[in-house]
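Working notes for the structure below.
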Amino acid sequence: MKLIPEFKLEFDEALEKMGLRPTRQREHVYGVILEKRDHPTAEEVYARSKESMPTISLATVYNCLETLIQSGLVRSVNFDREPTRYCPNLQEHAHFHCSKTGRVYDVHLPGAVIKTQAHLLPSGFKIRNFELSFDGEAPAAKPSAPKHPTDS
């Protein structure tokens, strides 16, 4: 899977910053995650990857996912008793997990919401990472995940 030039540059720079090589497998797994932006599990990434790279192994997919997380290209998303999912949206946002369908949706958070939450912390606490998730049921008629303006 070939990345568009914008994402290829971002990919190459992020891995170089970590002292890692941009391998064909890493690029392919990143492309699979970017293609649908539906918060796939490692098993789903593996199944999608095998379609156009039949020799890729599940262990390679897991290693690639870990590298993508460490290099800041992808975030891991976790919900109770659910497999880890992978999100390429690096903007500040929350996640909504539909307990009925298992789908995960990005929820845009205005900057004011994040700043308000930061003020709830005791004096001297500094936020390094902000994660907010909701669990519930999405409307049945919803045809696709709401898109963040940076998702395309």
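Rule-based calculations on the coordinates, nothing more; no lab input. Owing to the predicted nature of the structure, the values given are computational and were not obtained by experimental measurement. Here the Cβ is made from the backbone with ideal geometry for all residues, glycine too, and neighbour counts use every protein chain on show.
I'd like the FRET efficiency for L9 and A140, computed as 1/(1 + (r/R0)^6) with the beta carbon distance as r and R0 of 30 Å, rounded to 0.05.
0.15
Quick check: the distance between the Cα centres of the stretch 3-18 and the stretch 72-89, to the nearest angstrom?
20 Å
Ranked from highest to lowest mean number of other Cβ atoms within 10 Å per residue, what is the order of the peptides 123-131, 68-76, 48-56?
On the way: 123-131: 7.3, 68-76: 17.9, 48-56: 14.4.
The most tightly packed comes first, giving 68-76, 48-56, 123-131.
Pick the calculated Rg and Dmax of the Cα atoms in Å for this structure from [x] 14.7, 43; [y] 16.6, 53; [z] 17.8, 55?
For Rg and Dmax of the Cα atoms in Å, the calculated option is [y].
Where does each of 58-65, 99-106 land if you order them by average Cβ count within 10 Å, highest first?
58-65, 99-106
Going highest first, how would you order 12-20, 86-94 by mean Cβ packing within 10 Å?
Details: 12-20: 13.6, 86-94: 16.9.
In decreasing order of mean packing, 12-20, 86-94 become 86-94, 12-20.
Can you run phi through the Karplus equation (6.51, -1.76, 1.60; θ = phi - 60°) for the stretch 75-83 and list ³J(HN,Hα) in whole Hz, with x for Gly and Pro?
With the stated coefficients, the stretch 75-83 comes to 10, 8, 10, 10, 10, 3, 6, 10, x Hz.
For the pair L90/N129, report the inter-label distance in nm, with labels modelled 7 Å from Cα in the Cβ direction.
1.5 nm
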